[in-house]
There are 2 protein chains.
Amino acid sequence: MSDDRGWMQLAIDEARAGRREGGIPIGAALVVDGTVLGVGRNQRVQRNSAIRHGETDCLENIGRLPAAVYRRATLYTTLSPCQLCAGAVLLYGIPRVVVGENRTFEASESHLRAHGVEVVVLDLAECRDLMDEFVASEPALWNEDIGVEDGAASQRG
Amino acid sequence: MSDDRGWMQLAIDEARAGRREGGIPIGAALVVDGTVLGVGRNQRVQRNSAIRHGETDCLENIGRLPAAVYRRATLYTTLSPCQLCAGAVLLYGIPRVVVGENRTFEASESHLRAHGVEVVVLDLAECRDLMDEFVASEPALWNEDIGVEDGAASQRG
């Protein structure tokens with residue numbers, strides 16, 4: 001768990017960098033055999049991106065990997081994965097996901113667990129505070145990122 | 001159905017372009033209110049990409065859209081969506097997916113249908129032939145794209 005908290009800090013640093021850029025403060029890191037292979041952060045604002053969430057941006061920054069490497073990986077993400085990012089975990093057979101917090105959003109944990117993925121939720125105040133501040137200041141941007149129509153309630157766990 | 005076959009041709013053209021580039025021949029198109037918003041094709045080889053499958057490349061080429069637009073969309077894809085691309089469909093609430101073929105690969109159709117997505121399979125020989133030729137000539141590349149370890153059987157429907 002203390003190792004998990006340390007690796008999560010890389011994801012949190014990414015989230016904070018994203019917020020400073022005017023983006024959505026969600027970050028991720030992929031760790032294999034005690035080494036970080038890469039990090040990423042949500043790029044909706046910065047790159048006009050529909051698919052670079054924290055987790056998918058991390059995988060894309062790393063680029064192509066053999067299937068066997070993903071099978072030994074842990075994916076750290078400051079916020080519980082959306083369906084897209086959970087799909088990436090399942091496609092590549094990533095066996096373990098460590099989540100900073102899931103109170104702001106949770107849409108895939110039971111699906112991941114049903115497919116044998118270990119999901120660990122750290123429930124860190126630092127991650128919750130980042131999202132609380134962001135969702136309060138940019139509700140339309142947040143809803144866009146999770147596919148929710150403006151005016152509808154955002155999806156909260 | 002005849003409209004679907006016509007729109008699917010845009011996805012097939014993308015798949016063929018990808019194969020000419022040395023890439024994986026899977027293409028996609030997003031159609032809303034009778035207009036194509038964009039197309040895409042698998043970019044594993046061309047962009048060293050881990051997340052730009054046909055469908056996700058299509059969404060990324062289009063860029064940010066309001067949630068309400070995705071809710072009126074049909075996604076055309078030459079091959080049945082993997083878990084990542086199905087996750088994108090669910091994230092954005094795309095209500096309808098038209099599939100060129102699902103004999104080479106099928107990993108998400110029941111999951112999509114369980115979440116209310118209409119999945120139409122055209123089962124086109126043209127799409128099957130593209131994948132048959134590709135999988136036979138580049139089995140390692142194909143396994144990498146679907147997260148299968150070399151030496152293991154590739155996932156076939």
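So here's what we get for this one:
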item	result
Accessible area in the full protein assembly, largest first, 1.4 Å probe, for B:Ile12, B:Ile62	B:Ile62, B:Ile12
At R0 = 41 Å, FRET efficiency that the Cβ-Cβ distance of B:Glu21 and A:Ala140 yields, to 0.05	0.60
Computed over chain A, Kirkwood Rh from alpha-carbon pairs, angstrom	15.2 Å
Chymotrypsin sites (Phe, Trp or Tyr not before Pro) within segment A:1-109: DSSP coil, no more than 15 neighbouring Cβ in 10 Å	none
Using θ = phi - 60° and Karplus 6.51 cos²θ - 1.76 cosθ + 1.60, couplings along segment B:84-94 (whole Hz; Gly, Pro as x)	4, 6, 4, x, 5, 4, 6, 4, 8, x, 5
0 to 90° range, to nearest 10: angle between helix B:2-20 axis and chain B longest Cα axis	40 degrees
Mean separation of Cα contacts under 8 Å, 6 or more apart, over the residue count of chain A: relative contact order %	18 percent
Length-normalised contact order of segment B:22-114 in % [C-alpha pairs under 8 Å, at least 6 apart]	25 percent
Under-5 Å amide H pairs with A:Val121, H placed in peptide plane, nonlocal only	A:Val99
Amide H contacts under 5 Å for A:Gly38, placed H, 5+ residues apart	A:Leu30
Spatial separation of Cα centroids for segment A:92-127 and segment A:24-50, in angstrom	15 Å
Positive minus negative residues near A:Glu144 (Lys, Arg vs Asp, Glu; Cβ under 12 Å)	-2
Rh by Kirkwood over Cα pairs, then Stokes-Einstein D for the protein assembly as shown at 1.567 mPa s and 4 °C, µm²/s	67 µm²/s
FRET efficiency for A:Arg47 and B:Arg5, using Cβ-Cβ distance with R0 set to 41 Å, rounded to 0.05	0.75
3J(HN,Hα) from dihedral phi, segment A:27-40, Karplus parametrisation 6.51/-1.76/1.60, rounded to Hz, x for glycine, proline	x, 8, 8, 10, 10, 10, 6, x, 10, 7, 8, x, 9, x
Value of Rg to Rh for segment A:74-157 (Rh from inverse mean 1/r over Cα pairs, i.e. Kirkwood)	0.98
Counting DSSP beta bridges with both ends in the protein assembly as shown, the antiparallel % (nearest 5)	55 percent
Of all DSSP beta bridges in chain B, antiparallel share, percent nearest 5	55 percent
Residue of A:Val98, A:Val120, A:Val69 that the Gaussian network model of chain A assigns the largest fluctuation, springs spanning Cα pairs under 10 Å	A:Val69
1.4 Å probe accessible area per residue over chain A, in Å²	37 Å²
Accessible area of A:His115 in the full protein assembly, 1.4 Å probe (Å², nearest 10)	110 Å²
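The values are calculated or read from the model by the stated rules, or taken from the named source; none is laboratory data. These figures come from a predicted structure and were not determined experimentally. So basically every Cβ, Gly included, is an ideal-geometry build from the backbone, and we count neighbours across all protein chains shown. All accessible areas refer to the heavy atoms of the entire protein, side chains included, with ligands and DNA or RNA removed. Shrake-Rupley method; radii C 1.70, N 1.55, O 1.52, S 1.80 Å.
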